[in-house]
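K.L.:
Supplied in structure tokens, the structure appears directly below.
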Amino acid sequence: MLKQDVVRVIKRIFHLPKPSETWRNAPKEKAECVVIGAGIVGLAVARELSLKGKEVLVLDSAPTFGTATSSRNSEVIHAGIYYPSNSLKARFCVRGRKLLYHYCSQRGIPHNQIGKLIVATGTSEIPKLNQLFNRGIQNGVENLRMLDASEAIKMEPELHCVKALLSPASGILDSHSLMLSLVGEAETNGATFSYNTAVTGGHLEGNRMVLHVCETKTLTNWDGNTPLQPDLLLMPKIVVNSSGLSAPTLAKRFHGLNTAIIPPAYYARGSYFILSNANSTGHPPFKHLIYPVPEEGGLGVHVTLDLDGQLKFGPDVEWIPHVPDTTNFLNKFDYSVSADRVARFYPEIRKYYPNLKDGSLIPGYAGIRPKLHGPGQSACDFVIQGEDIHGVGGLANLYGIESPGLTSSMAIAEYVAGLLLGG
């Protein structure tokens with residue numbers, strides 16, 4: 001059945017009375033490729049598969065694309081400095097950055113290669129800065145340069161540091177425009193999108209994963225434990241679980257998949273505060289991205305500019321315990337920014353921006369990072385599992401796609417397409 005017909009079937013079934021039988025009696029439909037999740041990575045994968053001539057159906061429980069992590073981040077194009085050599089994060093970030101700059105230039109997507117300064121604000125941080133420099137070189141990041149304090153302050157007069165690492169390859173972009181472009185290109189190549197459509201699990205038939213699909217509003221009163229009656233059983237040849245925050249939770253609901261290989265999920269909220277124009281000179285105090293030496297769980301409270309020149313600080317790290325399945329599937333995370341958290345921002349920011357005035361920060365927004373490590377644990381790499389790992393034909397599970405997921409998105413798409421299609 002053509003994917004457009006599958007979407008029509010989904011919409012029709014959603015309006016039928018709910019059957020009382022088990023899921024085995026739900027209607028069945030075939031599809032060629034199903035991508036679960038319409039975040040930046042899912043969209044890049046859908047585009048890549050559609051460019052390969054595949055019929056792609058993208059399912060997302062939200063009303064539109066990019067409503068979770070993809071729209072709640074720093075919108076930074078990372079160079080590839082931070083990640084262990086030969087890790088997926090290092091490889092995909094370096095490759096993805098080049099693909100992303102090329103794509104943005106070709107498609108007229110707003111972006112700016114403004115560069116980044118990673119700063120040591122005390123002599124005790126210099127060894128870590130040197131490690132980052134060496135790691136960046138190993139990862140193939142171009143034109144990195146160590147600066148002494150006077151050189152850095154000449155570039156950024158408001159900056160305080162004892163040493164800095166300049167990364168000219170880093171930049172910023174308009175992530176919404178990027179996602180719009182990926183959706184448009186995927187649709188031009190025949191991909192179809194079905195929003196308000198939740199995949200709540202699956203089961204094996206032979207060596208293929210059959211997906212359990214229902215309308216998102218069906219989950220509104222779900223307690224997370226009662227067995228769900230799917231509206232439709234979708235039988236694709238290829239399944240990409242790129243559902244972001246809910247990817248490990250969903251995979252655990254794929255009956256027949258070895259749950260021992262599914263990594264544990266952790267979640268960290270990151271809040272951003274905006275520099276109020278009313279309390280500044282009207283001009284951003286910085287022209288480059290300014291990052292401190294990384295901290296546990298993140299890259300530290302850093303300075304990011306958007307393409308309009310608005311300056312924001314963040315994100316911090318706030319671990320979230322005990323996330324129920326319903327929160328995952330319906331994206332019911334608390335995205336509010338507590339004004340009380342600003343008290344922690346001022347002393348961190350003033351380490352590199354001592355002239356920050358009291359009362360100049362206002363709450364901005366928050367995002368949730370899908371992590372594979374918890375507090376006090378070592379940072380994890382991206383995890384992408386195909387048939388060679390889990391033994392299920394045509395299935396790719398993507399876990400822990402946090403930063404640098406945006407930068408890496410097109411490289412991840414290349415990798416996943418190669419994993420599933422060969423070549």
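K.L.:
Residues to consider are F382, F329; find the one that is at pLDDT 95 or above and in contact with a helix residue (DSSP H, G or I) (Cβ under 8 Å, 6 or more places away or on another chain).
P.N.:
F382
K.L.:
With the requirement that a residue be in a helix (DSSP H, G or I), in contact with a Phe, Trp or Tyr (Cβ under 7 Å, 6 or more places away or on another chain) and crowded, with 24+ Cβ neighbours inside 10 Å, what does the range 397-423 give you?
P.N.:
Within the range 397-423, S408, M410, I412 meet the criteria.
K.L.:
Okay, moving on. Taking the range 298-354 as the search range and keeping residues that are among the hydroxyl-bearing types (S, T, Y) and outside any helix (DSSP H, G or I), which one is nearest to S242 (Cα to Cα)?
P.N.:
Taking the candidates together, the pick is Y335.
K.L.:
Let me ask something additional. Across the range 245-273, which residue is most open to solvent (accessible area, probe 1.4 Å) among those that are of a type in the set (A, V, I, L, M) and within 17 Å of the chain's Cα centre (by Cα)?
P.N.:
Residue satisfying both the conditions and the ranking: A265.
K.L.:
Which pairs turn up if I take residues in the range 165-188 that are closer than 16 Å to F286 by Cβ and open to solvent by 30 Å² or more (accessible area, probe 1.4 Å) and look for partners that are modelled with pLDDT of 95 or more and not in a loop (DSSP other than H, G, I, E, B) with beta carbon separation below 9 Å, at least 6 apart in sequence or on another chain?
P.N.:
These pairs meet every condition: P168/K116; P168/R145.
K.L.:
Output the qualifying pairs, or none if there are none: Cβ atoms under 8 angstrom, residues six or more apart or on different chains, first residue in the range 255-277 and under 14 Å from N397 (Cα atoms) and at pLDDT 95 or above, second residue of a type in the set (K, R) and outside any helix (DSSP H, G or I).
P.N.:
So the pair list comes out as A265/K371.
K.L.:
From the list G400, G367, which residue is on the phi > 0 side of the Ramachandran plot and modelled with pLDDT of 95 or more?
P.N.:
From the options G400, G367, the qualifying one is G400.
K.L.:
Would the range 175-183 turn up any residue that is modelled with pLDDT of 95 or more, among the small types (G, A, S) and within 19 Å of H302 (Cα to Cα)?
P.N.:
yes
K.L.:
Hey, can you tell me all the residues within the range 210-244 that are open to solvent by 10 Å² or more (accessible area, probe 1.4 Å), outside any loop (DSSP other than H, G, I, E, B) and within 24 Å of F333 (Cα to Cα)?
P.N.:
Answer for the range 210-244, where residues must be open to solvent by 10 Å² or more (accessible area, probe 1.4 Å), outside any loop (DSSP other than H, G, I, E, B) and within 24 Å of F333 (Cα to Cα): H212, E215, T216, K217, T218, G244.
K.L.:
Mind counting the residues in the range 48-90 that are among the hydrophobic types (A, V, I, L, M, F, W, C), over 30 Å from S167 (Cα atoms) and crowded, with 21+ Cβ neighbours inside 10 Å?
P.N.:
Residues flagged as among the hydrophobic types (A, V, I, L, M, F, W, C), over 30 Å from S167 (Cα atoms) and crowded, with 21+ Cβ neighbours inside 10 Å within the range 48-90 amount to 6.
K.L.:
Taking Y103, is it open to solvent by less than 30 Å² (accessible area, probe 1.4 Å), under 23 Å from Y267 (Cα atoms) and touching a helix residue (DSSP H, G or I) at 6+ places or on another chain (Cβ under 9 Å)?
P.N.:
Taking the combined requirement at face value, the residue does not satisfy it.
K.L.:
Give the residues of the range 141-164 that are hydrophobic (A, V, I, L, M, F, W, C), over 20 Å from K98 (Cα atoms) and either part of a loop (DSSP other than H, G, I, E, B) or without any contact (Cβ under 8 Å) to a residue 40 or more places away in the chain (or both), sorted by residue number.
P.N.:
Answer for the range 141-164, where residues must be hydrophobic (A, V, I, L, M, F, W, C), over 20 Å from K98 (Cα atoms) and either part of a loop (DSSP other than H, G, I, E, B) or without any contact (Cβ under 8 Å) to a residue 40 or more places away in the chain (or both): M146, L147, A149, A152, I153, L159, C161, V162.
K.L.:
Name the residues in the range 289-345 that are open to solvent by 40 Å² or more (accessible area, probe 1.4 Å), within 20 Å of the chain's Cα centre (by Cα) and basic (K, R), would you?
P.N.:
Correct list: K332 only.
K.L.:
On the basis of being closer than 30 Å to T64 by Cβ and at pLDDT 95 or above, does L147 make the cut?
P.N.:
So L147 does not fit the description; no.
K.L.:
Let me ask you something else. Identify all residues within the range 362-396 that are part of a strand (DSSP E or B), hydrophobic (A, V, I, L, M, F, W, C) and crowded, with 18+ Cβ neighbours inside 10 Å; write none if there are none.
P.N.:
A366, I368, V383, I384, L395, A396, listed by residue number.
K.L.:
Looking at the structure I just gave you, is Q138 surrounded by fewer than 18 Cβ atoms within 10 Å (Cβ to Cβ), in contact (Cβ under 8 Å) with a residue 12 or more places away in the chain and outside any loop (DSSP other than H, G, I, E, B)?
P.N.:
Considered against the rule, which asks whether it is surrounded by fewer than 18 Cβ atoms within 10 Å (Cβ to Cβ), in contact (Cβ under 8 Å) with a residue 12 or more places away in the chain and outside any loop (DSSP other than H, G, I, E, B), Q138 comes out as yes.
The values are calculated or read from the model by the stated rules, or taken from the named source; none is laboratory data. All values reported here derive from a predicted model rather than from experimental measurement. Please note: Cβ atoms are built from the backbone with ideal geometry, for glycine as well, and neighbour counts cover all protein chains shown. Just the protein is used for accessible areas: all its heavy atoms, side chains included, with ligands, DNA and RNA removed. Shrake-Rupley method; radii C 1.70, N 1.55, O 1.52, S 1.80 Å.
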